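The values are calculated or read from the model by the stated rules, or taken from the named source; none is laboratory data. From a predicted model like this one, the values you see are computed outputs, not experimental measurements. Virtual Cβ from ideal backbone geometry, glycine too; neighbours counted across all protein chains shown.
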Amino acid sequence: MSTWSRIESGIKQGLKDVAASYGINWSGAANTASKVGPATVGARNGWRETEEEVKTKISKAETRLAAGRIEKAATQMMIKGAAKGAIKAIGIWGFIPDIVIFANGFRKGYSVAGN
């Protein structure tokens with residue numbers, strides 16, 4: 001089997017294993033909860049920080065037209081702020097178990113494809 005086929009097989013197995021780690025069982029629930037809790041708090045904080053930035057920008061706007069443009073873009077800016085806050089809250093440490101699970105799955109898939 002070619003090297004690319006082995007790598008492809010490893011990637012597929014790694015992704016399957018990561019998806020299975022979020023399954024409907026106790027470890028899957030724990031894995032999901034370990035991401036949801038911090039992500040929710042981070043999203044809330046990111047939303048609030050961005051909301052304050054938007055209010056500041058609106059108050060500093062020189063014209064009503066400029067303030068109107070900022071208000072139109074405010075929701076999108078706040079959603080982006082919430083997403084950044086959630087990702088920041090989870091951080092790289094939150095994804096280390098997923099990386100390890102993927103690496104083990106990749107190794108299994110790569111080895112099986114080579115035999």
Residue hits (segment 3-35; of a type in the set (Val, Ile, Thr) and at pLDDT below 85) are Thr3, Ile24, Thr32
Give me the residue from segment 78-115 that is without any contact (Cβ under 8 Å) to a residue 40 or more places away in the chain, of a type in the set (A, V, I, L, M) and surrounded by fewer than 15 Cβ atoms within 10 Å (Cβ to Cβ) and, out of that set, nearest to Ala30 (Cα to Cα).
Ile96
Please specify each residue of segment 42-65 satisfying the condition of being in contact with a helix residue (DSSP H, G or I) (Cβ under 7 Å, 6 or more places away or on another chain) and of a type in the set (Val, Ile, Thr).
Thr50, Val54, Ile58
Over segment 21-54, the set of residues within 29 Å of Ala113 (Cα to Cα), loosely packed, with under 14 Cβ neighbours inside 10 Å and among the small types (Gly, Ala, Ser) is Gly23, Ser27
Scan segment 79-88 and give yes if some residue there is closer than 24 Å to Gly14 by Cα and not basic (Lys, Arg), otherwise no.
yes
